[in-house]
C-alpha cells in the first residue's frame with residue numbers, strides 16, 4: 001500500500017471522533033476547491049500544493065472529488081516544466097487522484113523524469129539547487145510522487161543511505177547534515193519512509209519523538225519550541241504507529257484536548273494556538289491525527 005493510501009486510510013477514521021462535526025469538515029474541504037478546480041491557498045489563490053490536500057480531505061471523508069474541474073486545472077500546468085520540486089510532485093499526485101487514465105499519454109513518465117532531476121549526488125532529493133544533499137522532506141515528497149504514479153524511486157537503498165547523513169546525535173533526524181538537534185517533521189518523515197521501504201528503525205528514535213510531547217498536548221516541531229503544532233503532532237503520531245510505538249493514555253488525552261483547541265466552527269483546524277487562518281493542509285493533518293487517536 002502506498003504512503004498516500006495509508007494516510008487516507010487513517011484519516012478516514014477521523015469521523016469516529018468528529019461525530020456530527022464531520023459534515024462541517026466535509027463542507028470546508030469542498031470550499032477549498034474553486035469552481036475552476038483549483039485548491040486554494042490561505043490567500044484564496046489557486047495552488048497545486050493545497051489542491052492535493054483538499055482532494056485528500058475529500059477522499060478521506062468519502063466525498064466525491066470534482067474530477068472534471070480539477071482535471072481542467074491540471075492541464076493548465078502542462079508537463080510541469082515551470083514548476084518547482086514541491087509543486088511538480090503535487091501535480092503528479094493530483095493527476096493520480098483524478099485518474100491516471102485521464103492523463104495525456106506519456107505525461108506520467110515525463111513528470112517522474114522531472115522529479116528525478118531533483119535527485120542529489122548522495123541519492124536523496126531536494127528542491128533547493130543550492131544544497132548538495134538530499135533532505136528527509138525531499139525524500140518524502142519524491143516518494144509520494146513516484147508511488148502515486150505507480151512506481152518506486154530508482155535505487156531505493158541509496159535513498160535510505162542518504163538519510164544516514166541527516167541523523168542527529170540526540171536520536172532524531174534533521175534536514176541538514178551535521179545538525180546537533182533533530183527536528184520532529186524531518187524525523188517523522190525519515191521514520192515513515194524507512195519503515196515503508198521495509199527497513200528497521202532504532203527504537204531510540206521513538207523515545208526521541210515521545211520526548212517532544214508538550215505538557216498541554218500535541219508535539220513540538222523542535223526541542224524547546226514555544227508551542228506545539230498540528231503538523232508535528234500528526235506526523236509524530238503517524239511515525240510512532242509505523243514503529244508500533246503506543247502513546248500513553250495521558251499523552252493521548254492531552255492530544256485530544258490540543259486538537260479540540262484548534263477546532264474552528266467553520267469546519268477547519270488552525271495549525272497552532274497563534275494561527276488565525278484555516279487551510280486544507282492543516283485540516284487534513286487534523287484528520288490524520290484524529291484517525292490515529294481514534295484507534
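Each value in this text was obtained by applying a stated rule to the coordinates, not by laboratory testing. Keep in mind that this is a model prediction, so the values were computed, not measured. Using ideal geometry, Cβ is built from the backbone for each residue, glycine included, and neighbour counts are taken over all protein chains shown.
Given labels modelled 7 Å from the Cα in the Cβ direction, how far is it in nm from residue 257 to residue 180?
Between residue 257 and residue 180, the simple spin-label model gives 3.3 nm.
Where does each of 64-70, 205-211 land if you order them by average Cβ count within 10 Å, highest first?
205-211, 64-70
Can you tell me the FRET efficiency between residue 195 and residue 250 if r is taken as the Cβ-Cβ distance and R0 is 22 Å, rounded to the nearest 0.05?
0.30
Ranking 273, 95, 263 by Cβ neighbours within 10 Å, fewest first, what do you get? Don't skip to the end; give the middle numbers.
Numbers: 273 14, 95 25, 263 17.
Exposure proxy ranking, most exposed first: 273, 263, 95.
How many angstrom lie between the C-alpha centres of region 147-177 and region 94-115?
Result: 24 Å between the Cα centres.
Pull out a ≥ b ≥ c, the square roots of the eigenvalues of the alpha-carbon gyration tensor of region 1-51, then state rounded if a/c is under 1.5, prolate if not and a/b is larger than b/c, and oblate in the remaining case.
The shape class here is oblate.
Show me the ranking of peptides 32-38, 50-56, 103-109, 284-290 by mean Cβ neighbours inside 10 Å, starting with the highest.
Order by mean packing, descending: 284-290, 50-56, 32-38, 103-109.
Just want to confirm a number: the relative contact order over the chain, from Cα pairs under 8 angstrom separated by 6+ residues, in percent.
Relative contact order of the chain: 20 percent.
Per the helix-only calculation at 222 nm, which mean residue ellipticity applies to the chain, given -39500 (n - 2.57) for every DSSP H run of n ≥ 4 and division by its residues, nearest 500 deg cm²/dmol?
Using -39500 (n - 2.57) per qualifying helix, the result is -15500 deg cm²/dmol.
When only Cα pairs under 8 Å and 6 or more residues apart are kept, what is the percent relative contact order across region 174-236?
33 percent
Evaluate the distance, in nm, between pseudo-label points positioned 7 Å from the Cα of residue 43 and of residue 276 along their respective Cα→Cβ axes.
Using points 7 Å along Cα→Cβ, the separation is 1.6 nm.
Pick from 79, 276, 41 the residue whose mean-square fluctuation is largest in a GNM of the chain, springs joining Cα atoms under 10 Å.
Among 79, 276, 41, the largest GNM mean-square fluctuation belongs to 276.
If R₀ is 51 angstrom, what is the calculated FRET efficiency for the pair residue 204 and residue 69, using the beta carbon separation as r and rounding to 0.05? It would help to have the intermediate numbers written out before the result.
Numbers: r = 47 Å, r/R0 = 0.93.
My answer for the efficiency is 0.60.
For region 167-215, what does the alpha-carbon gyration tensor say about shape, rounded, prolate or oblate, given a ≥ b ≥ c as the root eigenvalues, a/c under 1.5 as rounded, and a/b over b/c as prolate?
Judged from the Cα gyration tensor, region 167-215 comes out oblate (a/c at least 1.5, b/c at or above a/b).
How much FRET efficiency would the formula 1/(1 + (r/R0)^6) give for residue 102 and residue 1, where r is the Cβ-Cβ distance and R0 is 25 Å, rounded to 0.05?
It comes to 0.65.
Points 7 angstrom from Cα along the Cβ direction at residue 116 and residue 216: gap in nanometres?
According to this spin-label approximation, the distance is 4.9 nm.
Find how many whole Å separate the alpha carbon centroid of region 8-33 from the alpha carbon centroid of region 36-78.
16 Å
Under 1.5 on a/c is rounded, so check that first for the chain, then, if it is not, pick prolate when a/b is larger than b/c and oblate when it is not; a ≥ b ≥ c are the square roots of the alpha carbon gyration tensor eigenvalues.
oblate
What relative contact order, as a whole-number percentage, does region 78-206 give when Cα pairs under 8 Å and 6 or more residues apart are counted?
Dividing the mean separation by the residue count of region 78-206 yields 19 percent.
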